[in-house]
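To start, the structure itself, in structure tokens.
The values are calculated or read from the model by the stated rules, or taken from the named source; none is laboratory data. None of these values were measured; they are calculated from a predicted model. With ideal geometry, Cβ positions are generated from the backbone for all residues, glycine too; neighbour counts draw on all protein chains shown.
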Amino acid sequence: MRIVIAPDKFAGTLSAVQAAHAIAEGWRRTAPASEIATAPMADGGPGFVDVVRASLGGELLAGTVRGPLDEPVPSTLLLTGDTAYVESAQACGLALMPRDPDGRNPQPGAVERASTYGVGELIASAIDAGARRVVVGLGGSGTNDGGAGLLAALGATSTPATALTGGPSALAEIGSLDLEAARSRVSGVELIAASDVDNPLLGLRGASNVFGEQKGLVDDDAKLAADTALTAFADLAGRETADAAGAGAAGGLGYALLLLGAARVSGFETVASAVGLYDLVAACDVVVTGEGKLDWQSMNGKVPVGVAGVANAAVRPCIALAGDVQVGNRELRANGIEAAYGLVDMVGEAAAFDRPAESLAAVAERVAKTWDRRR
């Protein structure tokens, strides 16, 4: 049989590349004669650059940029020909934000000061390296500044001068804005915002209200204050663009990129095309996907459902392996996933977290006994 293995990352334990390798290793123990193709996936969030590089190759350019709270953080961008791939989470990701005392949630108050300046530095580095097309993966951000920091890094100015670089708390004080230098910096460069989030910047469906809590905007007052700050920013930068689909992606990074003339594309589709997923699935018998937690958010356009959609279009069965499965069979099948298998259920929580690659391989070995019928 021909098997395609196309998982997302298992957040906190395995990258998508590591997860795909572990599943393939376990599957081969049961079915050594099967042809297995791995296609690690991402939707624009953490792991975006690694996944694209695994398929396209290219040159990794390492550097240091300003992190969300002004600390220096290491970063890489991928250059393939005249196209650069940038992962915004490397510069402003949730993983870079301080945590509360128990380590489970972002520290309340930190996001109000957090900036996307480092993402702008990454884009500038890509342009300086000769890129004429820059694809920015949006996802996994710990910021909520409407991309103001990104614009500042590319030359935008404001009054007061610090309004763009101090997160939404500073943005609330903005009096004027000039984007001319930032737009000049990216002139002649095709910008692509890769994200599957279609929320606008402001309001009930906007960045602050929908995604703010997971970043540390823990109560209604904090969300209102952040949304008010973004509104003041948008009143100067452009309210029409603030209403566009995807403007609210990555705490408003989508908005900043749209202001600079970026085109919005699906993060999943971008990666699927880069890794050749459609051709791989068309030539296989079974598709295997997965991620760390398969829950209601997964059913809302995340990688497993995206992979299942590709499989269903090719009339191929799709199954999922996950650290924890929190949705029922009916909902899974409604989203194109025939069956899902959770590491927590099959090997126990301790093994799933302490030995994730070994546990994922063991589960894949068992699952292959059901799904690889020609072994």
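List the number of the failed condition for Ala170; all other conditions in (1) assigned to a helix (DSSP H, G or I); (2) of a type in the set (Gly, Ala, Ser); (3) under 21 Å from the mean Cα position of the chain (by Cα) hold.
If we test Ala170 against (1) assigned to a helix (DSSP H, G or I); (2) of a type in the set (Gly, Ala, Ser); (3) under 21 Å from the mean Cα position of the chain (by Cα), just (3) comes out false.
Run Ser88 past the list (1) out of contact with any Asp or Glu (no Cβ under 9 Å at 6 or more places or on another chain); (2) modelled with pLDDT of 95 or more; (3) more than 23 Å from Ala193 (Cβ to Cβ) and report the number of the one that doesn't hold.
(3)
Touching a residue at least 12 places away in the same chain (Cβ under 8 Å), part of a helix (DSSP H, G or I) and out of contact with any Lys or Arg (no Cβ under 7 Å at 6 or more places or on another chain), is that true of Gly109?
On the way: touching a residue at least 12 places away in the same chain (Cβ under 8 Å): yes; part of a helix (DSSP H, G or I): no; out of contact with any Lys or Arg (no Cβ under 7 Å at 6 or more places or on another chain): yes.
Judged against the criteria, Gly109 is not a match.
Which of (1) more than 23 Å from Pro98 (Cβ to Cβ); (2) over 22 Å from the mean Cα position of the chain (by Cα) does Ala152 not meet, given it meets every other one?
The failed condition is (1).
Quick one: which of Glu59, Glu121, Glu87 is acidic (Asp, Glu), touching a strand residue (DSSP E or B) at 6+ places or on another chain (Cβ under 8 Å) and without any contact (Cβ under 8 Å) to a residue 24 or more places away in the chain? Break it down stepwise before answering.
On the way: Glu121 fails: without any contact (Cβ under 8 Å) to a residue 24 or more places away in the chain; Glu87 fails: without any contact (Cβ under 8 Å) to a residue 24 or more places away in the chain.
Going through Glu59, Glu121, Glu87 in turn, the sole match is Glu59.
Residues of segment 201-211 being surrounded by fewer than 23 Cβ atoms within 10 Å (Cβ to Cβ) and either more than 21 Å from Leu259 (Cα to Cα) or not basic (Lys, Arg) (or both), which ones?
At the first step, the residues of segment 201-211 found to be surrounded by fewer than 23 Cβ atoms within 10 Å (Cβ to Cβ) are 203-205, 209-211.
Once the filter is applied, which keeps residues that are surrounded by fewer than 23 Cβ atoms within 10 Å (Cβ to Cβ) and either more than 21 Å from Leu259 (Cα to Cα) or not basic (Lys, Arg) (or both), segment 201-211 yields Gly203, Leu204, Asn209, Val210, Phe211.
Every residue in segment 200-220 that is in contact (Cβ under 8 Å) with a residue 40 or more places away in the chain and in a helix (DSSP H, G or I), please.
Restricting attention to segment 200-220, the residues satisfying the condition of being in contact (Cβ under 8 Å) with a residue 40 or more places away in the chain are 200-202, 205-208, 211-212, 214-218.
Once the filter is applied, which keeps residues that are in contact (Cβ under 8 Å) with a residue 40 or more places away in the chain and in a helix (DSSP H, G or I), segment 200-220 yields Ala207, Ser208, Phe211, Gln214, Lys215.
Kindly evaluate Thr157 against the criterion of being under 27 Å from Gly203 (Cα atoms), surrounded by fewer than 24 Cβ atoms within 10 Å (Cβ to Cβ) and free of Cβ contacts under 8 Å to residues at least 12 places away in the same chain.
Values: under 27 Å from Gly203 (Cα atoms): yes; surrounded by fewer than 24 Cβ atoms within 10 Å (Cβ to Cβ): yes; free of Cβ contacts under 8 Å to residues at least 12 places away in the same chain: no.
Here the answer is no, as Thr157 does not meet what is asked.
Do you know which residues across segment 112-132 are farther than 28 Å from Ala229 by Cα, within 22 Å of the chain's Cα centre (by Cα) and in a loop (DSSP other than H, G, I, E, B)?
Ala131, the sole residue that qualifies.
Could you go through segment 350-362 and let me know if any residue there is hydroxyl-bearing (Ser, Thr, Tyr), farther than 19 Å from Gln18 by Cβ and crowded, with 21+ Cβ neighbours inside 10 Å.
Initially, segment 350-362 is screened for residues hydroxyl-bearing (Ser, Thr, Tyr), giving 359.
Now narrow it down to the ones that are farther than 19 Å from Gln18 by Cβ: none.
The answer is no; no qualifying residue exists.
Would you check which residues across segment 64-84 are buried (at least 22 other Cβ atoms within 10 Å of the Cβ) and either over 15 Å from Ala250 (Cβ atoms) or touching a strand residue (DSSP E or B) at 6+ places or on another chain (Cβ under 6 Å) (or both) and list them?
Step one: list which residues in segment 64-84 are buried (at least 22 other Cβ atoms within 10 Å of the Cβ), which gives 66-68, 75, 77-78, 84.
Within segment 64-84, Arg66, Gly67, Ser75, Leu77, Leu78, Ala84 meet the criteria.
How many residues does segment 326-361 hold that are touching a helix residue (DSSP H, G or I) at 6+ places or on another chain (Cβ under 7 Å), in contact (Cβ under 8 Å) with a residue 24 or more places away in the chain and under 19 Å from Lys9 (Cβ atoms)?
Looking only at that region, the number is 7.
Could you pull out the residue among Gly290, Gly276, Gly301 that is on the phi > 0 side of the Ramachandran plot and surrounded by 24 or more Cβ atoms within 10 Å (Cβ to Cβ)? Let's see the steps before the verdict.
Details: Gly276 fails: surrounded by 24 or more Cβ atoms within 10 Å (Cβ to Cβ); Gly301 fails: surrounded by 24 or more Cβ atoms within 10 Å (Cβ to Cβ).
Matching residue, one of Gly290, Gly276, Gly301: Gly290.
Could you check, for segment 280-301, whether at least one of its residues is part of a helix (DSSP H, G or I) and touching a residue at least 40 places away in the same chain (Cβ under 8 Å)? First the steps, then the outcome.
Residues of segment 280-301 that are part of a helix (DSSP H, G or I), as a first pass: 280-282.
Filter once more, keeping what is touching a residue at least 40 places away in the same chain (Cβ under 8 Å): 280-281.
Yes, segment 280-301 contains a residue that is part of a helix (DSSP H, G or I) and touching a residue at least 40 places away in the same chain (Cβ under 8 Å).
Are any residues in segment 35-72 closer than 25 Å to Gly146 by Cβ and in a loop (DSSP other than H, G, I, E, B), and if so, which ones? Give the steps one after another, and end with the answer.
So the first thing to find is which residues in segment 35-72 are closer than 25 Å to Gly146 by Cβ, and the list is 42-49, 63-72.
Once the filter is applied, which keeps residues that are closer than 25 Å to Gly146 by Cβ and in a loop (DSSP other than H, G, I, E, B), segment 35-72 yields Ala42, Asp43, Gly44, Gly45, Pro46, Gly47, Gly67, Pro68, Leu69, Asp70, Glu71.
In the set Ala20, Ala42, which member is crowded, with 19+ Cβ neighbours inside 10 Å and modelled with pLDDT under 95?
Numbers: Ala20 fails: modelled with pLDDT under 95.
Within the list Ala20, Ala42, the selection yields Ala42.
For segment 17-30, indicate whether the set of residues that are in a loop (DSSP other than H, G, I, E, B), touching a residue at least 12 places away in the same chain (Cβ under 8 Å) and of a type in the set (Gly, Ala, Ser) is non-empty.
So in segment 17-30, the residues in a loop (DSSP other than H, G, I, E, B) come out as none.
Within segment 17-30, none of the residues are in a loop (DSSP other than H, G, I, E, B), touching a residue at least 12 places away in the same chain (Cβ under 8 Å) and of a type in the set (Gly, Ala, Ser).
Look through Arg330, Arg316, Arg366 and report the one residue that is over 25 Å from the mean Cα position of the chain (by Cα), within 17 Å of Thr30 (Cβ to Cβ) and not β-branched (Val, Ile, Thr). Spell out the reasoning first.
Working: Arg330 fails: within 17 Å of Thr30 (Cβ to Cβ); Arg316 fails: within 17 Å of Thr30 (Cβ to Cβ).
Unique residue meeting the criteria: Arg366.
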